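Novice: Input: one structure, supplied below.
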Amino acid sequence: MFYREAGQFKTSYKADQAIFTITQDKFFVGAFLVIAFGVVPFFIDDYWANAILIHVLVYALAGLGLNILTGYCGQVSLGTGGFMAVGAYASYKLTTSFPEMNFIIVLLLSGGVTACVGMFFGLPSLRIKGFYLAVATLAAQFFLVWLFNKVGWFFNYSPTGMIVSPPREVFGFLITGPEASPAVRYLFCLSVVTVFALAAKNIVRGRIGRSWMAIRDMDIAAELIGIRPLEAKLSAFAVSSFYVGVAGALYFNVWLGSAEPTEAFDIFQSFFVLFIVIIGGLGSILGSFLGAAFMVLVPITLKTIMVDGMGFAVGAAKHVEVMLLGALIIFFLIVEPHGLARLWQILKEKLRRWPFPY
Amino acid sequence: MRLKLLTKALAVAAVAMPLTTAVADAAELTIPGTIYRTGPYAPNGIPWANGIADYYAMLNERDGGIEGTKINYVECETAYNTKQGVECYENTKGIGSGALVYQPMSTGITYQLIPKATEDKIPVFSMGYGRTSAANGKVFPYVFNMPATYWDQASVFVKYAGEKEGGMDKLKGKKIALVYHNSAYGKEPIRTLEELSKKHGFELMLLAVDHPGQEQKATWLQIRRERPDWVFMWGWGVMNQVAIKEASSIRYPMDHFIGVWWSGSENDVTPAGEDAHGYLSATFHASGDNFRAHDDIKKFVYDKGKGHGDRDRIGEVLYNRGIVAAMWTSEAIRNAMRIHNTKNPTGEQVRDGFESLNVDAKRLAVLGLEGFTYPLQVTCENHTGPGKVALQQWDAKKGEWSLVTDFYSSDRDVIDKLIAEDSMAYAKENNITPRTCN
């Protein structure tokens, strides 16, 4: 009833290959984007921007990056925090060394630097697989954080090892630093994430994405049909690290404004992004967004309900929140092991068969 | 069907809930507390948070708040995590007619809040932690780190070591090890110690301990091998307990082991038992509960069942640190009310209150905290105040801390130069023009 597709015919290959083939989907996504770009900026305040929306967007981008590697190419990575650090430190070094450089270029270059580092750490993936690769990327995580904590050149020899993002403008609007307005920063993040999500969607539908999925599903078979594992795996590492690097640069510059390597990019970051990908759904672009929203919003929502709504003491609320979050993660994974994206898909199927879903 | 309802309910809850932040009465003094009662640093965070909360509660019960305006103390749990600290800040800064002051209780969160709060015109009171160069009020108009900084402490430790060795010139050729929390907090004293090692000719050994600090075997093996003459420690949370235990297991002389004032509470020394006897740490206030303010807290807060912690833990070092933090904050607000002649000051006015804060011995006596800490005066240029540090020593048999030195002044020649250097570098990086102070 809600999803009546009767009468929607595709008369060209182009229409058949569109990202959203169903009119209702197109309409829904379009309306969502219009609201996100056109309405939200007028109502956004510091709390919504800093605590919720930019937070979700940055993690959604990091989730997209990891999803490309783990969800589409099947290479498990625990180095996301380290790669985010590479993006953040690359952007810091670039923007402090070349203050007049456009911030968008800084962002893309730091993505590029991270892609190179990611490819380097992806080299072992040609020999080792599964859990063993996870351990190799774990080494990357620890090595990179150690490096940024140890070598003074990376943090411009600041006495505390902390990096602070200087104020930078894009098209005349301040987007970093404390004076940047929440609406501008939100819009900037949203634009970056939208462009990157669209790009990711198209990459994974094309030849490269299909070669990744072939590798994921069975690497020997993929090799036999002529996919070169070196090319496929390293390109997955490169693209994934590029995304994660840009996410790291946004995380440091636009969202936090300052960071210290041991806390901002610790192993927990890697796990957090991995949770996002697993809960959202491996191998799904939408899943990265759903997962990020879940992991960011559920703790804040639980806290708000318990502290402001029910008058819990904040310490007790935190303990309950941690337990509830764990229980919810397990609950959702039992209900649907393939993540929230799959849940949404099932829901959509049911809506199409409404009022007689089965 | 059931699934759909569930998802819908969740989506609605997720969108609507963060909106329902508490709306408080306009005529209240909103003081948010970004505290941590959970996470790896909770053992130290809890008594500290209790001290602050109990002092405000006592003011509310006894005096009806500050000069008759009730204090609305809003706690927010950060788990010592910077990101949660940011969420707390954004969530609490608009309560009532706006938050008046923040005490971040973590160096990482302080660094986050320095630019944000300056932009929002809310003072940040990082009492003896955070960014040392914020002492320069010309560059950091909204940040206060009195009564002394990490650099002051580093310098005082070196002074004490020199005194014990029989003169500063005797430090030449000695070896001093710094065991530090490998974070912005722990790295703060390194630059000062490096300068001082150049000046006095001692050798500096840097030993980093990674968060949270449970694993220190390698660090202390190194100390055992190198046998430094003095060990200084910048630790927090479980790291302190482990370090003191490890030091006792290699039989390092405890009276040559000095902790920063975040490494000197009962929690830190009791796990090592008798072996911790003689351990030194910095402080700027007394311990124990034999002050009138403590009696008032027991009478007005705990007797009414409104206490935040255990009654028998009143007077612990970190609890008292909470009291002194709350005392200076409330005095600054009182001062702001007086200067601006208002019952309901803004954050900006409270900043002025901090900037002309003068809590002398007489005022301390009025507050029921006679001799609890030293007189403090803050000015527009100098946001640190006196910068004095004393050392206290742990008596494991009696189970109490006692002051073993007077309040030392730090080596201003070295520190003032470093503060000017670092704050001007910050000003340059962030396009800040230092303001003039009359």
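The values are calculated or read from the model by the stated rules, or taken from the named source; none is laboratory data. Values in this document were obtained by computation on a predicted structure and should not be read as measured data. All Cβ positions, glycine included, derive from the backbone under ideal geometry; neighbour counts span all protein chains shown.
Novice: Kindly indicate the residue of the stretch A:87-110 that is within 14 Å of chain B (Cβ to nearest Cβ) and touching a Lys or Arg at 6+ places or on another chain (Cβ under 9 Å) and also surrounded by the fewest Cβ atoms within 10 Å (Cβ to Cβ) among those meeting that condition.
Specialist: Ranking the qualifying residues of the stretch A:87-110, first place goes to A:99.
Novice: While we're here: Restricting to the stretch A:248-263, count the residues that are part of a strand (DSSP E or B) and either of a type in the set (A, V, I, L, M) or under 12 Å from the mean Cα position of the chain (by Cα) (or both). Spell out how you get there, then give the answer.
Specialist: Of the residues in the stretch A:248-263, the ones part of a strand (DSSP E or B) are A:258-259.
Remaining after also requiring either of a type in the set (A, V, I, L, M) or under 12 Å from the mean Cα position of the chain (by Cα) (or both): A:259.
Final tally of qualifying residues: 1.
Novice: Moving on to the next point. Of all residues in the stretch A:217-226, which are among the β-branched types (Val, Ile, Thr) and either surrounded by 19 or more Cβ atoms within 10 Å (Cβ to Cβ) or assigned to a helix (DSSP H, G or I) (or both)?
Specialist: Going through the stretch A:217-226, the residues among the β-branched types (Val, Ile, Thr) turn out to be A:220, A:225.
The one that is among the β-branched types (Val, Ile, Thr) and either surrounded by 19 or more Cβ atoms within 10 Å (Cβ to Cβ) or assigned to a helix (DSSP H, G or I) (or both): A:220.
Novice: If you go through the stretch A:178-187 one residue at a time, do you hit one that is of a type outside the set (Val, Ile, Thr), more than 14 Å from chain B (Cβ to nearest Cβ) and in a helix (DSSP H, G or I)? Break it down into steps so the answer makes sense when it comes.
Specialist: Of the residues in the stretch A:178-187, the ones of a type outside the set (Val, Ile, Thr) are A:178-183, A:185-187.
Those left that are additionally more than 14 Å from chain B (Cβ to nearest Cβ): A:183, A:187.
If we keep only those that are in a helix (DSSP H, G or I) too, we end up with A:183, A:187.
Yes: the stretch A:178-187 contains one or more residues that are of a type outside the set (Val, Ile, Thr), more than 14 Å from chain B (Cβ to nearest Cβ) and in a helix (DSSP H, G or I).
Novice: Give the residue that is nearest to residue A:281 (Cα to Cα), with candidates limited to residues of the stretch A:301-320 that are touching an Asp or Glu at 6+ places or on another chain (Cβ under 9 Å) and facing chain B (nearest Cβ under 10 Å).
Specialist: Start the filter on the stretch A:301-320 by keeping residues that are touching an Asp or Glu at 6+ places or on another chain (Cβ under 9 Å), which leaves A:302-303, A:306-307, A:313-315, A:317-318.
Add one more test, that the residue is facing chain B (nearest Cβ under 10 Å), and what stays is A:302-303, A:307, A:313-315, A:317-318.
Numbers: A:302: 22, A:303: 25, A:307: 31, A:313: 34, A:314: 32, A:315: 32, A:317: 29, A:318: 27 Å.
For the stretch A:301-320, the residue satisfying everything is A:302.
Here's the yes/no breakdown for (1) more than 9 Å from every other protein chain (Cβ to nearest Cβ); (2) buried (at least 24 other Cβ atoms within 10 Å of the Cβ); (3) part of a strand (DSSP E or B):
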position: B:72; (1), (2), (3): yes, no, yes
position: B:79; (1), (2), (3): no, no, no
position: B:85; (1), (2), (3): yes, yes, no
position: B:89; (1), (2), (3): no, yes, no
position: B:98; (1), (2), (3): yes, no, no
position: B:115; (1), (2), (3): no, no, no
position: B:119; (1), (2), (3): no, no, no
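Novice: Same structure again: Which numbered condition trips up residue A:155, out of (1) touching a strand residue (DSSP E or B) at 6+ places or on another chain (Cβ under 7 Å); (2) modelled with pLDDT of 95 or more?
Specialist: Condition (2) is where residue A:155 drops out.
Novice: Quick test for you: out of A:40, A:113, A:58, A:76, pick the one residue that is buried (at least 24 other Cβ atoms within 10 Å of the Cβ) and touching a residue at least 40 places away in the same chain (Cβ under 8 Å). Give the derivation first.
Specialist: Numbers: A:40 fails: buried (at least 24 other Cβ atoms within 10 Å of the Cβ); A:113 fails: buried (at least 24 other Cβ atoms within 10 Å of the Cβ); A:76 fails: buried (at least 24 other Cβ atoms within 10 Å of the Cβ).
Answer to the selection: A:58.
Novice: Out of A:164, A:151, A:135, which single residue is hydrophobic (A, V, I, L, M, F, W, C), within 9 Å of chain B (Cβ to nearest Cβ) and over 20 Å from the mean Cα position of the chain (by Cα)? Steps first, please.
Specialist: Numbers: A:151 fails: within 9 Å of chain B (Cβ to nearest Cβ); A:135 fails: within 9 Å of chain B (Cβ to nearest Cβ).
Criteria check complete, one pass: A:164.
Novice: Here's another thing I want to ask about it. Just to be sure I understand the filter: pairs with C-beta atoms under 9 Å, separated by 6 or more residues or on different chains, first member in the stretch B:360-379 and not assigned by TED's automatic domain parsing to the domain that holds residue B:127, second member surrounded by 14 or more Cβ atoms within 10 Å (Cβ to Cβ) and of a type outside the set (Phe, Trp, Tyr). Which pairs pass?
Specialist: No pair meets every condition.
Novice: Could we say that residue A:68 is in contact with a Pro (Cβ under 8 Å, 6 or more places away or on another chain) and either touching a residue at least 60 places away in the same chain (Cβ under 8 Å) or within 14 Å of chain B (Cβ to nearest Cβ) (or both) here? Steps first, answer last, please.
Specialist: Values: in contact with a Pro (Cβ under 8 Å, 6 or more places away or on another chain): no; either touching a residue at least 60 places away in the same chain (Cβ under 8 Å) or within 14 Å of chain B (Cβ to nearest Cβ) (or both): yes.
No, not satisfied.
Novice: Would you mention how many residues in the stretch A:21-73 are farther than 30 Å from residue A:229 by Cβ and of a type in the set (S, T, N, Q)?
Specialist: Final tally of qualifying residues: 4.
Novice: Of the conditions (1) within 14 Å of chain A (Cβ to nearest Cβ); (2) closer than 16 Å to residue B:392 by Cα, residue B:244 fails just one. Which one is it?
Specialist: (1)
Novice: Let me ask you something else. Can you find, within the stretch A:264-289, the residue that is nearest to the chain's Cα centre (by Cα) among those that are surrounded by fewer than 23 Cβ atoms within 10 Å (Cβ to Cβ) and within 13 Å of chain B (Cβ to nearest Cβ)?
Specialist: My answer is A:272.
Novice: Can you tell me how many residues in the stretch B:113-132 are farther than 12 Å from residue B:99 by Cβ and not aromatic (Phe, Trp, Tyr)?
Specialist: 10
Novice: What are the residues in the stretch B:381-398 that are farther than 25 Å from residue B:352 by Cα and touching a residue at least 40 places away in the same chain (Cβ under 8 Å), if any?
Specialist: Scanning the stretch B:381-398 gives B:389, B:390, B:391, B:392, B:393, B:394, B:395, B:396, B:397.
Novice: Here's another thing I want to ask about it. Report every pair of residues separated by at least 6 positions or lying on different chains whose Cβ atoms are under 6 Å apart, first residue within the stretch A:197-226 and under 21 Å from residue A:19 (Cβ atoms), second loosely packed, with under 14 Cβ neighbours inside 10 Å and modelled with pLDDT under 95.
Specialist: Short answer, once both residue conditions are applied: A:201/A:19.
Novice: With respect to the numbered conditions (1) farther than 21 Å from residue A:286 by Cα; (2) modelled with pLDDT of 90 or more, which one is the sole condition not fulfilled by residue A:6?
Specialist: Going through the list (1) farther than 21 Å from residue A:286 by Cα; (2) modelled with pLDDT of 90 or more, residue A:6 breaks only (2).
Novice: If you take the residues of the stretch A:164-175 that are part of a loop (DSSP other than H, G, I, E, B) and either touching a Pro at 6+ places or on another chain (Cβ under 6 Å) or free of Cβ contacts under 8 Å to residues at least 12 places away in the same chain (or both), which of them is surrounded by the fewest Cβ atoms within 10 Å (Cβ to Cβ)?
Specialist: Initially, the stretch A:164-175 is screened for residues part of a loop (DSSP other than H, G, I, E, B), giving A:165-168, A:171-172, A:175.
Applying the additional criterion that residues be either touching a Pro at 6+ places or on another chain (Cβ under 6 Å) or free of Cβ contacts under 8 Å to residues at least 12 places away in the same chain (or both) yields A:171-172.
Numbers: A:171: 10, A:172: 5.
Checking each candidate, the answer is A:172.
Novice: Filter the stretch B:174-204 down to residues that are surrounded by fewer than 18 Cβ atoms within 10 Å (Cβ to Cβ) and either over 18 Å from residue B:414 (Cβ atoms) or under 24 Å from the mean Cα position of the chain (by Cα) (or both) and give me whichever is nearest to the other protein chains (Cβ to nearest Cβ).
Specialist: Here the answer is B:194.
Novice: Can residue A:332 be described as over 26 Å from residue B:110 (Cβ atoms), assigned to a helix (DSSP H, G or I), under 21 Å from the mean Cα position of the chain (by Cα) and within 13 Å of chain B (Cβ to nearest Cβ)? Don't jump to the end; show me each part of the working.
Specialist: Details: over 26 Å from residue B:110 (Cβ atoms): yes; assigned to a helix (DSSP H, G or I): yes; under 21 Å from the mean Cα position of the chain (by Cα): yes; within 13 Å of chain B (Cβ to nearest Cβ): yes.
Criteria met by residue A:332.
Novice: What about residue B:353, is it within 21 Å of the chain's Cα centre (by Cα), within 16 Å of residue B:261 (Cβ to Cβ) and surrounded by 18 or more Cβ atoms within 10 Å (Cβ to Cβ)? Show your work before the answer.
Specialist: Working: within 21 Å of the chain's Cα centre (by Cα): yes; within 16 Å of residue B:261 (Cβ to Cβ): no; surrounded by 18 or more Cβ atoms within 10 Å (Cβ to Cβ): yes.
Against the criterion (within 21 Å of the chain's Cα centre (by Cα), within 16 Å of residue B:261 (Cβ to Cβ) and surrounded by 18 or more Cβ atoms within 10 Å (Cβ to Cβ)), residue B:353 does not qualify.
Novice: Could you check, for the stretch B:198-210, whether at least one of its residues is closer than 19 Å to residue B:261 by Cβ and either part of a loop (DSSP other than H, G, I, E, B) or at pLDDT 95 or above (or both)?
Specialist: We begin by selecting, within the stretch B:198-210, every residue closer than 19 Å to residue B:261 by Cβ; these are B:209.
The next check asks that each one be either part of a loop (DSSP other than H, G, I, E, B) or at pLDDT 95 or above (or both); those that pass are none.
Within the stretch B:198-210, none of the residues are closer than 19 Å to residue B:261 by Cβ and either part of a loop (DSSP other than H, G, I, E, B) or at pLDDT 95 or above (or both).
Novice: Regarding residue A:129, is this residue charged (D, E, K, R) and within 23 Å of residue B:423 (Cα to Cα)? Full working, then the answer.
Specialist: Working: charged (D, E, K, R): yes; within 23 Å of residue B:423 (Cα to Cα): no.
No, not satisfied.
Novice: Among the residues that make up the stretch B:141-152, is at least one of them surrounded by fewer than 24 Cβ atoms within 10 Å (Cβ to Cβ), at pLDDT 90 or above, within 14 Å of another protein chain (Cβ to nearest Cβ) and over 16 Å from the mean Cα position of the chain (by Cα)?
Specialist: Yes.
Novice: Still on this structure: Filter the stretch A:1-26 for residues that are outside any loop (DSSP other than H, G, I, E, B) and touching a Phe, Trp or Tyr at 6+ places or on another chain (Cβ under 9 Å); which is farthest from residue A:345 (Cα to Cα)?
Specialist: So in the stretch A:1-26, the residues outside any loop (DSSP other than H, G, I, E, B) come out as A:13-16, A:23-26.
Pick out the ones that are also touching a Phe, Trp or Tyr at 6+ places or on another chain (Cβ under 9 Å) and you get A:15, A:24-26.
Numbers: A:15: 21, A:24: 14, A:25: 12, A:26: 15 Å.
Among them, the one singled out is A:15.
Novice: Also, I was wondering about something else. What about residue B:384, is it part of a loop (DSSP other than H, G, I, E, B), more than 30 Å from residue B:312 (Cβ to Cβ) and within 14 Å of chain A (Cβ to nearest Cβ)?
Specialist: Values: part of a loop (DSSP other than H, G, I, E, B): yes; more than 30 Å from residue B:312 (Cβ to Cβ): yes; within 14 Å of chain A (Cβ to nearest Cβ): no.
It is false that residue B:384 is part of a loop (DSSP other than H, G, I, E, B), more than 30 Å from residue B:312 (Cβ to Cβ) and within 14 Å of chain A (Cβ to nearest Cβ).
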